[in-house]
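Scroll down for the structure; my scribbles are underneath it.
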Amino acid sequence: MTHFVKAWILAIGLILTPTALSAQDALPAAPVVEPAATSGLESADVPAAAEAGTSGLDPELYTPMKPTPGIGMPVNGGIDFQEQFSETGQQAHWINNAILIPMMVGVSLLVLVLLFWVVVRFRRGANPEPSKTTHNTFIEIIWTLIPVLILVVIAVPSISLLAQQFEPAPEDALTVKVTGYQWYWGYSYPDNGGFEVISNMLPKEEAEARGEPFQLAADNRLVIPVGKPVKMLITAADVIHSFAVPSAWFKLDAVPGRINEKVLKIDREGVYYGQCSELCGARHGFMPITIEVLSEEKFNNWVRANGGTVKGEAAEPAAPEAVETAANDMITENAPAYAAAATN
């Protein structure tokens, strides 16, 4: 009977395999932004053709920054967190290295020493007649108080860090809306005219030509000013994604129909990489996050290059002819109403 059931399960699996494969092949491809004019990346060691960027923006206003190896990205053989470039990340790194790891090592060594002591001190040769002791008030107080103290020492900085991560953004913070799609990211800037940047993973050849790590590099980056709090409004258009940048100690889920908010602040100019950290479908592993952190002046130029408006700048006054035409159109459209009002 068991072999009969297994045979049926295997047969059904073989029947459904072609269907699953065809459905996989039929998945819609994420929109790809075709590269336009290229701009050079800063490097004296790489040929100019290999340094060319693919942003398609005016090179006089914006040239993609070249990443620094080992900064803002994983490294081979790394056993620690990535180097942190945000205030919360630095505090979390300190808690881990200065509090948690020493406590783990200390408790482990203490338990190991006690174990060896018990094995030697209370072995059968040294204790032909086993002790009948069942309670020891002093020891019971000790093994109750010490864990409580350990938890308090861990809890105080941990709760402080947790609260700090979810402090609301200041009123003057730049707002960026992040939308997760299957399988790419969209970044819109409501404070700068509402333009949106679509970000797809770079092919291997283009990533290598730009000197960026493959499967982490994106054709268009999320660009923010250095040292400024950015209010990140994160959502999704289809399924749950997760926006995660390890070197900035930033991770927040993107949930369809909901906007989650968190502040992102990076204290050093550079390029920082992350990935979607929520299993979101067949191409989940191919929707990287690339953040470029620029000085405020360079950020404003990048905004202008994308056709956006710099926050705080006055809009250009309309031409006198346009104002006169608009006024005449308004009078013409409202003429019947004016006549009715005069009659009454």
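Collect residues whose amide H, placed 1.01 Å from N in the peptide plane, falls under 5 Å from the amide H of residue 220; neighbours closer than 5 in sequence don't count.
Residues meeting the criterion, in which the H sits 1.01 Å from N, are 200.
Calculate what fraction, in whole %, of the accessible area of region 140-226 sits on carbon and sulfur atoms when a 1.4 Å probe is rolled over the protein chains.
65
Mind checking the full-extension length gain between residue 279 and residue 71? Use 0.36 nm per residue of separation minus the Cα-Cα distance, one decimal, nm.
That pair, residue 279 and residue 71, stretches by 72.3 nm at full extension.
Have a look at region 209-262 and give its Rg and Dmax from the Cα atoms, expressed in angstrom.
In Å, with Rg to one decimal and Dmax whole: 13.2, 38.
For region 182-274, what is the charge dipole size about the Cα centre, in debye to the nearest 20, if Lys and Arg each add +1 at the Cβ and Asp and Glu each add -1 at the Cβ?
380
Report the gain in length on full extension from residue 238 to residue 87: 0.36 nm times residue separation, minus Cα-Cα distance, nm rounded to one decimal.
Gain on stretching residue 238 to residue 87: 51.1 nm.
At a Förster distance of 56 Å, what's the computed FRET efficiency of residue 103 paired with residue 259, Cβ-Cβ distance as r, to 0.05?
That pair, residue 103 with residue 259, gives E of 0.90.
Can you compute the charge dipole magnitude of region 143-221 about its Cα centre, using +1 on each Lys and Arg Cβ and -1 on each Asp and Glu Cβ, nothing else charged? Give it in debye, rounded to the nearest 20.
Using Cβ point charges on Lys, Arg, Asp and Glu, region 143-221 gives about 300 debye.
Be a star and scan region 242-268 for residues whose amide nitrogen sits under 14 Å from the point 7 Å along the Cα-to-Cβ vector of residue 95.
The answer is 249-251, whose backbone nitrogens lie closer than 14 Å to the label point.
To one decimal place, what orientation-averaged projected area in nm² is obtained for the convex hull of the Cα set of region 58-171?
Orientation-averaged projected area of the Cα hull: 13.8 nm².
Express the C-alpha Rg of region 126-173 as a ratio against the empirical globular expectation 2.2 N^0.38 Å, rounded to two decimals.
Compared with the compact-globule rule of thumb, region 126-173 sits at 2.36.
Hey, got a sec? Which trypsin sites (Lys or Arg not before Pro) in region 85-148 land in a DSSP loop and have at most 11 other Cβ atoms within 10 Å?
Answer by residue number: 123, 124, 132.
Hey, what do the phi angles of region 125-130 turn into as Karplus ³J(HN,Hα) couplings, whole Hz, using 6.51/-1.76/1.60 and θ = phi - 60°, x for Gly and Pro?
So the J values, rounded to whole Hz, are x, 8, 9, x, 10, x.
Using packing as a proxy for protection, rank 103-113, 267-277, 87-97 so that the peptide with the highest average count of other Cβ atoms within 10 Å comes first.
Per-residue Cβ counts within 10 Å, averaged per peptide and sorted highest first, yield 267-277, 87-97, 103-113.
Arrange the residues 172, 58 by how much accessible surface each exposes, largest first, with a 1.4 angstrom probe.
172, 58
Quick one: grab the alpha carbon gyration tensor of region 174-271, order the square roots of its eigenvalues as a ≥ b ≥ c, and give me rounded if a/c is under 1.5, else prolate or oblate depending on whether a/b is larger than b/c.
Here region 174-271 falls in the oblate category.
For region 61-113, rounded, prolate or oblate, judged on the Cα gyration tensor with a ≥ b ≥ c (square roots of eigenvalues), a/c < 1.5 rounded, else prolate if a/b > b/c?
Judged from the Cα gyration tensor, region 61-113 comes out oblate (a/c at least 1.5, b/c at or above a/b).
Residue 133: accessible area at probe 1.4 Å, nearest 10 Å²?
Roll a 1.4 Å probe over it and residue 133 shows about 100 Å².
Step through the residues of region 107-117 one at a time and calculate ³J(HN,Hα) from phi using the Karplus curve (6.51 cos²θ - 1.76 cosθ + 1.60, θ = phi - 60°), rounding each to whole Hz and writing x for Gly and Pro.
5, 4, 5, 4, 5, 5, 5, 4, 5, 5, 4
The values are calculated or read from the model by the stated rules, or taken from the named source; none is laboratory data. In this text, all values refer to a predicted model and were calculated from it rather than measured experimentally. Note that each Cβ is placed from the backbone with ideal geometry, even for glycine, and that neighbours are counted across all protein chains shown. Please note that ligands, DNA and RNA were not included when accessible areas were found on the heavy atoms of the full protein model with its side chains. Shrake-Rupley method; radii C 1.70, N 1.55, O 1.52, S 1.80 Å.
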